[in-house]
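We did not get these values from a lab; they are worked out from the coordinates using the rules stated. All values reported here derive from a predicted model rather than from experimental measurement. Note that we place each Cβ from the backbone using ideal geometry, even for glycine, and neighbour counts take in every protein chain shown.
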Amino acid sequence: MISSMTCPVCGKPVGTSTDSTAAPFCSDRCRKIDFFRWWDGQYAIVENLPADMTDELQQFPDLDTELPSD
């Protein structure tokens, strides 16, 4: 059975009659909330860097970058 889609911000069901510009959110308000969470850095895509890239980044101490600890 296919479950109905829910808004990732508020959890309300997203129907087929909603504004397509807000998809996958239930409203433009929820879309903007999600955007500002990304903008503010509340979301992050985290991945471990290869060792050679970690060595390269250490050559630039002025970068505002936190290196993952092993």
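Computed from phi, the 3J(HN,Hα) profile of region 38-54 under the Karplus parametrisation 6.51, -1.76, 1.60 (θ = phi - 60°) reads 5, 4, 7, x, 6, 10, 8, 9, 10, 8, 6, 8, x, 4, 5, 6, 4 Hz, with x in place of Gly and Pro.
Evaluated on region 1-61, the Kirkwood hydrodynamic radius is 14.4 Å, with distances taken between all distinct Cα atoms.
Listing 25, 35, 60 from fewest to most neighbouring C-beta atoms within 10 Å gives 60, 35, 25. Remark on residue 6: its backbone amide H falls under 5 Å from those of 14, a criterion applied only to residues 5 or more positions apart or on other chains, H modelled at 1.01 Å from N.
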